[in-house]
Structures are given as C-alpha cells and as structure tokens.
Amino acid sequence: MYKQGLSMNTTTADITPASNQSGMLLMAGAMLLLPMMDAMAKLLSTNLGPGQIGFVRFLIQALMLSTAVISTRQFCPMPAKAKVKTALAGAFVAGTITCLYWSLAFLPLANAIAIFFVEPLLLTLLSAWVLREK
C-alpha cells in the first residue's frame with residue numbers, strides 16, 4: 001500500500017476507489033485467517049502451553065515481516081519517542097495473545113471468540129479515558 005503513497009497519515013481525501021477496494025480485500029482476508037489461527041492455537045493447546053504457542057506465533061510473524069521489510073526495502077528508522085510506546089504496545093499484544101491462547105485451553109473456540117468481540121466496546125470506552133477522544 002505504501003507504493004501507492006498511502007501511510008498512517010492518509011486522509012479520507014487521499015483514498016482512491018482502488019485503494020479502498022484493496023483495503024477491503026485485505027481486511028476480508030485477515031478476517032478469514034484469524035479464526036484459522038485461533039483454531040490452530042486451540043489444537044496446539046492440548047500439547048503446548050500458551051506461552052510456547054504465542055512465542056512460536058510471534059517468531060514466525062517476525063520472520064515473515066522481516067522478510068517483507070527487507071524484500072520491499074520499506075524500512076524506516078523509528079523516532080526515539082516512539083520506541084517506548086511501540087515496545088509497550090508490543091507487550092500488550094503479547095499479553096493479549098497469551099491470555100487468548102490460555103483461554104482456548106478452557107473454553108470452546110466459539111465462546112472465546114465471542115468474548116473477544118467485546119473488545120471494540122471496551123476500546124470505545126477506553127479511548128475517551130486514555131486518549132481523551134470525544
């Protein structure tokens with residue numbers, strides 16, 4: 001997407017129908033892959049701990065992303081101010097995935113995912129408190 005000139009600072013006026021369609025297709029693909037990832041974690045939870053499953057998941061993810069960054073030469077140095085916030089966000093993601101995988105050992109997959117979908121409601125509430133959004 002960056003080759004088309006889109007970035008995290010893209011405004012609505014910058015989005016073309018082609019980029020909109022690409023975004024929708026990528027999001028649909030992500031939503032098709034997400035349940036498969038959770039189902040595999042559920043299967044693995046009978047033999048492995050949630051920390052092990054999460055570690056392997058993040059290791060594979062890091063290898064894939066590193067390959068993509070190196071092959072597209074899209075690497076940008078991170079500003080110093082963003083490093084702590086990015087590390088904190090990564091820690092939250094790791095904790096979230098570990099708790100999700102741990103829950104899969106105790107709950108049916110459908111129940112765990114249904115509970116997971118409460119997240120947008122919590123995010124909306126927290127955005128007002130943490131980010132001071134209206």
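The values are calculated or read from the model by the stated rules, or taken from the named source; none is laboratory data. On a predicted model such as this, the values are computed, not experimentally measured, just so you know. As a convention, Cβ positions derive from the backbone with ideal geometry for all residues, glycine included, and neighbour counts pool all protein chains shown. Please note that ligands, DNA and RNA were not included when accessible areas were found on the heavy atoms of the full protein model with its side chains. Shrake-Rupley method; radii C 1.70, N 1.55, O 1.52, S 1.80 Å.
Between M36 and L131, the distance separating the two model label sites (each 7 Å from Cα on the Cα→Cβ line) works out to 3.0 nm. About the centre of its Cα atoms, the chain shows a dipole size close to 380 debye [charges on the beta carbon of Lys, Arg (+1) and Asp, Glu (-1) only; nearest 20 debye]. Computing log10 I(q)/I(0) by the Debye sum over Cα atoms at q = 0.13 Å⁻¹ directly from the structure and comparing it against [x] -0.82; [y] -0.54; [z] -0.60 singles out [x]. Of K83/K134; K81/K134; K42/K81, which ones are farther than 29 Å apart at the Cα? As for pairs spanning more than 29 Å Cα to Cα, those are K42/K81.
Rolling a 1.4 Å probe over the heavy atoms of the protein chains gives the chain an accessible area of 81 Å² per residue. Estimated from helices alone, the mean residue ellipticity of the chain at 222 nm is -24500 deg cm²/dmol (sum of -39500 (n - 2.57) over DSSP H runs with n ≥ 4, per residue). So which DSSP H runs in the chain come out at 18 Å plus along the axis (Cα) with average Kyte-Doolittle of at least 1.0? Length and hydropathy pass: 50-72.
Projected onto the charge dipole of the chain (+1 at Lys/Arg Cβ, -1 at Asp/Glu Cβ, origin at the Cα centre), which of T86, T98, L26 gives the Cα projection farthest towards the positive end? Towards the positive end, the residue furthest out is T86.
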